[in-house]
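Visitor: Dropping a structure here in structure tokens format, bear with me for questions.
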Amino acid sequence: MWLTFLTILLNIIDLVIPLLIAVAYFTLAERKIMAGIQRRKGPNVIGYMGLLQPLADGLKLFVKETVLPTNANIVLFVLAPLCTFILSLISWAVIPFSFGNVIADTQLGGLYFLAVSSLGVYGVLISGWSSNSKYAFLGALRSAAQMVSYEISMGISLINVCLCVGTLNLTEIVIAQLDIWLVFPLLPVSIMFFIGCLAETNRHPFDLPEAEAELVSGYNVEYSAMGFALFFLGEYANMLVMGALTSICFLGGWLSPFGVGILPDGIWFGLKISFFVILFIVMRAILPRYRYDQLMKLGWKCFLPLALALFFISQGILMGFDWLPN
Amino acid sequence: MFFLKEYYPVLIFLGFSLALAGVIFGASFILAVSDADTEKLSSYECGFDPYEDARNAFDVRFYLVAILFLLFDIETIFLFPWSVSLSQLPSIGYWSMLDFLFELVVGFIYAWQIGSLDWE
């Protein structure tokens, strides 16, 4: 009993520490790549070519003063960043890094993932309401409305994958793609899913909650020091996990292209996540921001009908040709 | 027991991340030098003093979006078990879900027509 507990705990620590380091270097990669696109140098002072910059940033945030505003609701105000951070960590529990290399190999992995990412709205809403600041409040409302709008089309896209593989276990979803990655038969769905990921994680071109010109920084405007850092870590870990889920569902997870092998499975999975990370960053550098009414229009009037239509097509083809799995 | 076996690691993960978040936040709160004054602790409003509570009326359309989300998300949750077990379903199971979706689409078109999806 204790041995199982200890093994699982060590597994979890083995996942969380590299994850936090990955998040730290995600921010450095973002600054470096964006600097490259805009013909600047980016951080290059601390460490060799700025490689220690994320650690310095972390240390700086750690020693800063935690400001708890007087008219804020203190309990909820403290709870919100913790909530965001915890939810972004526990969604990694079902992600398989290679065959059998997963913390909780549940049959309902996909559903668990969707459930946890839906709960992410709570962190945003609680922080916006408890801050008792107009910017935070408006930012939280916008952010929540945006996240729930795109979640539906993401869910329906995931159902397309479910139909094709006949399971919700993420390991089995990857194994079902041994012959062909699902990005090929489900190309429109996978593009829609990725755009949904961008909207769900409040990234460009959907970063309206943080529209700094009008809302300063959105729902986390009142946060300082570690409260802010937890939001920041949570958001970037969310982006990584969204990239991981997209790779698992559409790019064959840890499978190497054409079965070439060469590198270990986990490395292929890491490369695929890195691909999405770089895509996230490049999107931020090259795309302008949507207007809010355009964003909602895109979510409800384009993505939702399109997702439903693609679902009808997929199930029609699978039923008509009797290609259903199992 | 089956349930316990599958979700036991998730429970431990939840406890671990709760502890980690608490330690990070708590350690910074205790260790960092805190020097608070009234101006610093007032909520941020572009330089001037906040003159009213931030929790006042907001646009009802946010509420509408939340309700629409509930409807469609429940539909998505219905579709998950259906899509996983589709090959084992008799034709009545298949057609009743299609009927449900058809009615949902009719409702969606209605919501579109009365303009509840518009943001002007």
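The values are calculated or read from the model by the stated rules, or taken from the named source; none is laboratory data. All values derive from a computational prediction rather than experimental measurement. Cβ atoms come from the backbone with ideal geometry, glycine included; neighbour counts cover every protein chain shown. Areas reflect the complete protein model, heavy atoms only, side chains present, ligands, DNA and RNA absent. Shrake-Rupley method; radii C 1.70, N 1.55, O 1.52, S 1.80 Å.
Visitor: Can you report the number of residues in segment A:233-256 which are assigned to a helix (DSSP H, G or I) and either without any contact (Cβ under 8 Å) to a residue 40 or more places away in the chain or not assigned by the TED database to the domain that holds A:Leu168 (or both)?
Guide: Taking segment A:233-256 and keeping what is assigned to a helix (DSSP H, G or I), we get A:233-250.
With the extra rule that they be either without any contact (Cβ under 8 Å) to a residue 40 or more places away in the chain or not assigned by the TED database to the domain that holds A:Leu168 (or both), the set shrinks to A:247.
Of the residues in segment A:233-256, 1 are assigned to a helix (DSSP H, G or I) and either without any contact (Cβ under 8 Å) to a residue 40 or more places away in the chain or not assigned by the TED database to the domain that holds A:Leu168 (or both).
Visitor: Now, a different point. Quick check on this structure: which one of A:Phe85, A:Phe77, A:Phe26 is under 24 Å from the mean Cα position of the chain (by Cα), open to solvent by less than 20 Å² (accessible area, probe 1.4 Å), of a type in the set (Phe, Trp, Tyr) and not assigned by the TED database to the domain that holds A:Gly266? Don't jump to the end; show me each part of the working.
Guide: Working: A:Phe85 fails: not assigned by the TED database to the domain that holds A:Gly266; A:Phe77 fails: not assigned by the TED database to the domain that holds A:Gly266.
Step by step, each of A:Phe85, A:Phe77, A:Phe26 is checked, and only A:Phe26 is under 24 Å from the mean Cα position of the chain (by Cα), open to solvent by less than 20 Å² (accessible area, probe 1.4 Å), of a type in the set (Phe, Trp, Tyr) and not assigned by the TED database to the domain that holds A:Gly266.
Visitor: I've got another one for you. Quick one: what pairs do we get from segment A:72-87, first residue under 23 Å from B:Glu52 (Cα atoms) and within 11 Å of chain B (Cβ to nearest Cβ), second open to solvent by less than 30 Å² (accessible area, probe 1.4 Å) and outside any helix (DSSP H, G or I), C-beta under 6 Å, 6+ apart or different chains?
Guide: A:Ala72/A:Asn132
Visitor: Filter segment B:13-30 down to the residues that are within 7 Å of chain A (Cβ to nearest Cβ) and over 26 Å from the mean Cα position of the chain (by Cα), then identify the one that is least open to solvent (accessible area, probe 1.4 Å).
Guide: Ranking the candidates gives B:Ser28 first.
Visitor: For segment A:290-303, enumerate the residues that are part of a helix (DSSP H, G or I) and either open to solvent by 70 Å² or more (accessible area, probe 1.4 Å) or more than 30 Å from B:Leu117 (Cβ to Cβ) (or both).
Guide: Residues of segment A:290-303 that are part of a helix (DSSP H, G or I), as a first pass: A:292-303.
Across segment A:290-303, the qualifying residues are A:Gln294, A:Lys297.
Visitor: Determine whether A:Leu306 is modelled with pLDDT of 90 or more and open to solvent by 30 Å² or more (accessible area, probe 1.4 Å).
Guide: Details: modelled with pLDDT of 90 or more: yes; open to solvent by 30 Å² or more (accessible area, probe 1.4 Å): yes.
Spelling it out, A:Leu306 is indeed modelled with pLDDT of 90 or more and open to solvent by 30 Å² or more (accessible area, probe 1.4 Å).
Visitor: Grab the helices (runs of 4 or more DSSP H) fully contained in segment A:100-195, keeping just those with 3 or more residues being surrounded by 20 or more Cβ atoms within 10 Å (Cβ to Cβ) and of a type in the set (S, T, N, Q). Please lay out each step first, then the result.
Guide: Values: elements: A:109-131, A:134-165, A:170-175.
Counting at least 3 such residues, we get A:109-131, A:134-165.
Visitor: So, A:Ala35, is that one farther than 28 Å from A:Ile281 by Cβ, surrounded by 13 or more Cβ atoms within 10 Å (Cβ to Cβ) and not acidic (Asp, Glu) or not?
Guide: Working: farther than 28 Å from A:Ile281 by Cβ: no; surrounded by 13 or more Cβ atoms within 10 Å (Cβ to Cβ): yes; not acidic (Asp, Glu): yes.
Taking the combined requirement at face value, the residue does not satisfy it.
Visitor: Does segment B:38-59 contain any residue that is facing chain A (nearest Cβ under 10 Å), open to solvent by 90 Å² or more (accessible area, probe 1.4 Å), in a helix (DSSP H, G or I) and not acidic (Asp, Glu)?
Guide: The answer is yes, given that some residue of segment B:38-59 is facing chain A (nearest Cβ under 10 Å), open to solvent by 90 Å² or more (accessible area, probe 1.4 Å), in a helix (DSSP H, G or I) and not acidic (Asp, Glu).
Visitor: Out of the residues in segment A:279-289 meeting the condition of being under 25 Å from A:Cys249 (Cβ atoms) and open to solvent by less than 80 Å² (accessible area, probe 1.4 Å), tell me which one is farthest from the other protein chains (Cβ to nearest Cβ).
Guide: A:Val282
Visitor: Can I ask one more? Residue check: is A:Ser224 surrounded by fewer than 22 Cβ atoms within 10 Å (Cβ to Cβ) and in contact with a Phe, Trp or Tyr (Cβ under 8 Å, 6 or more places away or on another chain)? Steps first, please.
Guide: Working: surrounded by fewer than 22 Cβ atoms within 10 Å (Cβ to Cβ): yes; in contact with a Phe, Trp or Tyr (Cβ under 8 Å, 6 or more places away or on another chain): no.
Answer is no for this residue.
Visitor: Counting only residues that are more than 11 Å from chain B (Cβ to nearest Cβ) and either surrounded by fewer than 15 Cβ atoms within 10 Å (Cβ to Cβ) or not in a helix (DSSP H, G or I) (or both), how many does segment A:309-326 have? Walk me through it before giving the result.
Guide: Step one: filter segment A:309-326 for residues more than 11 Å from chain B (Cβ to nearest Cβ), giving A:310, A:313, A:317, A:320-321.
After this cut, where a residue has to be either surrounded by fewer than 15 Cβ atoms within 10 Å (Cβ to Cβ) or not in a helix (DSSP H, G or I) (or both) as well, the list is A:313, A:317, A:320-321.
Qualifying residue count, segment A:309-326: 4.
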